[in-house]
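Here the structure comes first, spelled out in structure tokens, and everything after it is commentary.
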Amino acid sequence: MYVLKFGGSSMGSADAIQNVLSIIKERTQTGKTIVVVSAMKGVTDRLQLACDDSSNQSVDYDELIAWLEKLHFDIARSFLPVQMQSDLITQLKMILNELEDVLQGVALVREITPRTRDFIMGFGERLSANILTSLLINEKVDATFADAREFIIT
């Protein structure tokens, strides 16, 4: 069994993602493979700023969500055929809507707890893992998304 971990730089550009796909495809041919993926490059830093800013109401939700949406939708559109894009974009949009709701809640109470911060910081991984799963399925790799929140407690 292989366990592969890809950091943010590995998910930072179309070329880097293509390299990740190649590595995973190669490993899956020789044995069971588990893949762990970080948020795309820059996402964790922006989420950290949003956590810090949201507790004093200076975060611009529209700008953050628009940036995250463009970053992730562009990857989906550049790698997937049109018929596969719709399902993935719907999943990503639901995650982004949830993130916006949580940040708005933090801004309303002007406080962020460690548990809420952890929850917010996990959105980047949720987005990139959904994307990678769809890209692997498109590449005919037997891939299943597993939500780490179901088996890891922070």
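The values are calculated or read from the model by the stated rules, or taken from the named source; none is laboratory data. The shown structure was predicted, so the numbers you read here are calculated from the model rather than taken from an experiment. Using ideal geometry, Cβ is built from the backbone for each residue, glycine included, and neighbour counts are taken over all protein chains shown. To get the accessible areas, we keep the full protein, side chains included, count just its heavy atoms, and leave off ligands, DNA and RNA. Shrake-Rupley method; radii C 1.70, N 1.55, O 1.52, S 1.80 Å.
Per the Cauchy relation, a quarter of the hull surface: what is the mean projected area of the convex hull of the alpha carbons in segment 6-73, in nm²?
Details: hull surface 21.1 nm².
The Cα convex hull of segment 6-73, projected and averaged over all directions, gives 5.3 nm².
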Query raised in the report: Toward the positive end of the charge dipole of the chain, about the Cα centre and with charges on Cβ (Lys, Arg +1; Asp, Glu -1), which of 92, 3, 49 goes farthest?
Result: 3
Report summary line: Applied in sequence order to segment 4-10, the curve 6.51 cos²θ - 1.76 cosθ + 1.60 (Karplus, θ = phi - 60°) yields integer Hz couplings, x standing for Gly and Pro, of 10, 10, 10, x, x, 5, 5
Query - Enclosed volume per residue, in Å³, of the convex hull spanned by Cα atoms of segment 70-145 - result: 80 Å³
Query - 1.4 Å probe accessible area per residue over the chain, in Å² - result: 57 Å²
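Considering only protein heavy atoms, with the full assembly of protein chains and a 1.4 angstrom probe, order 40, 1 by accessible area, largest first.
Numbers: 40 5, 1 150 Å².
Result of the area sort, largest leading: 1, 40.
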Requested in this report: Give the cross-link partners of residue 25 among the aspartates and glutamates, using a straight C-alpha distance below 14 Å as the criterion and excluding same-chain residues fewer than 8 apart.
Outcome: 139, 142
Requested in this report: Using a 1.4 angstrom probe on heavy atoms only, work out the carbon and sulfur share of the accessible area of the chain in %.
Outcome: 51 percent
Query raised in the report: Over all Cα pairs of the chain, how is the pair count split among 10 Å bins, expressed in % and running from 0 up to the last occupied bin?
Result: 10, 40, 33, 14, 3, 0
Query raised in the report: To the nearest 10 degrees, how steep is helix 14-28 against the longest Cα principal axis of the chain, on a 0 to 90 scale?
Result: 50 degrees
Report summary line: Counting only protein heavy atoms and leaving out ligands, DNA and RNA, the solvent-accessible surface of residue 41 at a 1.4 Å probe, in Å² to the nearest 10, equals 130 Å²
Requested in this report: Report, by chain and number, residues whose modeled amide H sits under 5 Å from the one on residue 35, excluding near sequence neighbours (fewer than 5 apart, same chain).
Outcome: 4
Query raised in the report: Angle between the Cα long axis of helix 43-54 and the longest principal axis of the chain, 0 to 90 degrees, nearest 10?
Result: 10 degrees
**Report entry** Nearest-ten-degree value, helix 61-79 long axis tilted from longest Cα axis of the chain
**Finding:** 10 degrees
